[in-house]
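> One structure follows; several queries about it will come next.
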Amino acid sequence: MHLAIIGAGLAGLSAARALSASHRVTLIEKAENPAGRMATHETEFGGFDDGVQFFSASSEEFKREITQWKKEAWIDAWQARIVRLVNGRALTPARSAVRYVARPGMGALCANLAQGLPLATAQTVTGLQTWGNAKWLLAVQADTVAIPAHAGPFDAVILAMPPEQAAPLLHDVAPQLAAQAASVHLAPCFTLELAFAQALDLGYDGAFIEQSRLAFIAHDNSKPGHRPGERWVAHAALAWSQEHLQDDLPRVRDKLLKAFHEATGSQVQPVYAQALRWPFAQAVQPMAGDCLWDANLRIGLCGDWFAAGLEGEGRVENAWLSGRRLAQQIMQSMPQD
Ligand SMILES: Cc1cc2nc3c(=O)[nH]c(=O)nc-3n(C[C@H](O)[C@H](O)[C@H](O)COP(=O)(O)OP(=O)(O)OC[C@H]3O[C@@H](n4cnc5c(N)ncnc54)[C@H](O)[C@@H]3O)c2cc1C
């Protein structure tokens with residue numbers, strides 16, 4: 001049995017690792033590296049965790065996995081001083097679960113998880129088509145190759161990506177799955193990367209911000225194992241991001257930088273500032289259930305947009321659990337090699 005997994009974010013990697021013990025898997029990822037929304041952007045000022053800032057675990061299953069990642073020294077607890085910023089005042093928030101970060105940046109966790117797995121990067125899957133009675137061929141486009149190619153045939157296909165990206169791939173071949181995916185939406189988010197020539201000494205490592213264009217800021221180099229150099233990452237509020245989704249990035253950068261100065265009270269100008277857009281950042285209302293699996297078509301979907309038994313918006317733990325549970329369903333319904 002040969003399975004294609006499209007998307008090497010945490011959900012795809014979680015499914016791939018669980019399945020690879022019994023099935024042949026091939027991961028196909030459109031970016032240069034695995035990670036998806038756990039990516040770290042490397043710059044001359046050090047790495048910026050542009051998406052996930054930290055993650056925590058509430059399920060026993062994910063706690064066990066995290067223990068393993070800690071043993072491998074892939075992640076560490078971030079002993080951060082996190083505050084709430086309200087009208088310029090720093091208030092101490094309620095105690096929270098342990099916050100974990102990957103070393104030396106979030107992206108490294110996915111690189112470690114991908115070790116030993118067959119992974120094709122910089123390849124975008126643009127369509128699925130049937131091959132013979134019961135197999136799938138994938139249309140694949142790579143920037144470096146002018147002619148579209150095909151991958152496969154595969155016995156089953158997993159789409160481990162945001163629903164907005166999965167639905168168009170499924171419209172013609174699995175309209176029911178496409179409609180289910182299209183019923184969930186991920187809210188957009190802007191990220192602002194900031195590097196400074198001197199330490200800001202704000203007195204905290206992260207802050208949830210209220211009544212601002214920004215929702216959260218993190219002192220990137222305060223995270224364990226991260227490179228030195230004064231770096232901050234700021235995330236815009238989801239509502240503001242939605243409203244300004246079509247604005248050009250330099251304009252977004254300037255507005256968010258102003259909000260950073262207002263929220264922190266620091267007027268120090270950065271030596272580097274860059275904004276980036278996540279069109280599909282976070283499932284505010286994830287779909288009930290763990291994943292979708294059509295045993296007749298042999299197509300599955302997983303990702304953080306499934307609740308996977310958790311409460312609240314889709315996060316790292318949802319992605320990992322969803323990928324793992326889809327793998328379990330596939331192992332039950334498809335014979336092993
Ligand atoms: C700004 C931001 C901040 C966040 N902060 C946190 C946080 O602090 N804590 C937390 O727990 N969660 C946070 N999240 C959510 C977290 O990032 C996600 O829950 C998790 O990373 C989702 O993983 P995934 O594998 O489901 O999806 P993704 O990471 O989106 O992976 C999907 C992958 O599929 C690939 N792909 C898509 N289409 C194709 C195609 N056609 N062909 C090939 N490849 C394709 C993509 O390139 C991507 O690598 C944040 C997200 C954002 C954007």
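We did not get these values from a lab; they are worked out from the coordinates using the rules stated. This is a predicted model, so every value here is computed, not measured. Positions of Cβ are backbone-derived with ideal geometry, glycine not excepted, and every protein chain shown enters the neighbour counts.
> With unit charges on the beta carbon (Lys/Arg positive, Asp/Glu negative), name the residue among N296, L169, T130 whose Cα is farthest towards the positive pole of the charge dipole of the chain.
Looking along the dipole axis, the top candidate is N296.
> Which is the longest stretch in the chain that no exposed loop site breaks, taking sites as trypsin sites (Lys or Arg not before Pro) with a DSSP loop state and at most 14 other Cβ atoms within 10 Å? Mind dumping the intermediate values first?
On the way: sites that count: R81, R95.
In the chain, the maximal stretch lacking such sites is 96-337.
> Find how many whole Å separate the alpha carbon centroid of region 72-119 from the alpha carbon centroid of region 143-192.
Answer, in whole Å: 28.
> Any idea what angle helix 249-264 forms with the longest principal axis of the chain, computed on alpha-carbon atoms, 0 to 90 degrees, nearest 10?
With rounding to tens, the tilt is 50 degrees.
> For the chain, what is the relative contact order in percent, using Cα pairs closer than 8 Å and at least 6 residues apart in sequence? Spell out each step's value before the answer.
On the way: 780 pairs, mean separation 74.7, N = 337.
Reported as a whole number, the value is 22 percent.
> Read phi for every residue in region 274-288 and hand back ³J(HN,Hα) as whole Hz from Karplus 6.51 cos²θ - 1.76 cosθ + 1.60, θ = phi - 60°, with x for Gly and Pro.
9, 9, 9, 10, 9, x, 10, 9, 8, 7, 6, 10, x, 6, 4
> With unit charges on the beta carbon (Lys/Arg positive, Asp/Glu negative), name the residue among Q180, S56, Q285 whose Cα is farthest towards the positive pole of the charge dipole of the chain.
It is S56.
> Among the DSSP beta bridges whose two residues both lie in the chain, what percent are antiparallel, rounded to the nearest 5? List each step's numbers first, then the result.
Working: 49 of 68 bridges.
Within the chain, antiparallel bridges account for around 70 percent of the total.
> Listing M287, M161, M334 from the residue with the fewest other Cβ atoms within 10 Å to the one with the most, what is the order?
M334, M287, M161
> Restricting to Cα pairs below 8 Å that are 6+ residues apart, what does the relative contact order work out to for region 170-264? Please round to a whole percent.
Result for region 170-264 is 30 percent.
> If you place +1 on the Cβ of every Lys and Arg and -1 on the Cβ of every Asp and Glu, how big does the dipole about the Cα centre of region 55-134 come out, in debye to the nearest 20? Show your work: numbers first, answer last.
Details: 10 positive and 5 negative charges, 111 e Å.
Roughly 540 debye, rounded to the nearest 20.
> Then there's this: Using alpha carbon coordinates only, what is the Rg to Rh ratio of region 144-192, with Rh defined as the Kirkwood radius? Could you put the intermediate results ahead of the total?
Values: Rg = 14.2 Å, Rh = 13.1 Å.
My calculation of the ratio gives 1.08.
> For the chain, what size does the Cα cloud have along each of its three principal axes, sorted from largest down, in whole Å?
65, 41, 35
> Cut-off under 20 Å on the C-alpha distance; same-chain residues fewer than 8 positions from K30 excluded. Which aspartates and glutamates are left, in chain and number order?
Of all the aspartates and glutamates, those that pass the test against K30 - Cα under 20 Å, at least 8 places apart if same chain - are E42, D49, D50, D143, E164, D304.
> Using alpha carbons only, how many angstrom separate the centre of region 1-48 from the centre of region 293-337?
15 Å
> Can you pull out the GluC sites (Glu not before Pro) in region 239-337 whose DSSP state is coil and whose Cβ has at most 16 other Cβ atoms within 10 Å?
E311
> Then there's this: With viscosity set to 0.692 mPa s at 37 °C, what whole-number translational diffusion coefficient in µm²/s follows for region 1-144 from Stokes-Einstein and a Kirkwood radius over Cα pairs?
Answer from the Stokes-Einstein relation: 188 µm²/s.
> With +1 on the Cβ of every Lys and Arg and -1 on the Cβ of every Asp and Glu, and nothing else charged, how large is the dipole of the chain about its Cα centre, in debye rounded to the nearest 20?
Details: 28 positive and 33 negative charges, 108 e Å.
In debye, rounded to 20, the chain gives about 520.
> Relative contact order of region 58-104: what whole-number percent is it, with Cα pairs under 8 angstrom and at least 6 residues apart?
Values: 33 pairs, mean separation 18.0, N = 47.
Result for region 58-104 is 38 percent.
> Relative to the Cα centre, what is the charge dipole magnitude of region 49-99, using +1 at the beta carbon of each Lys and Arg, -1 at the beta carbon of each Asp and Glu, and rounding to the nearest 20 debye?
Roughly 400 debye for region 49-99.
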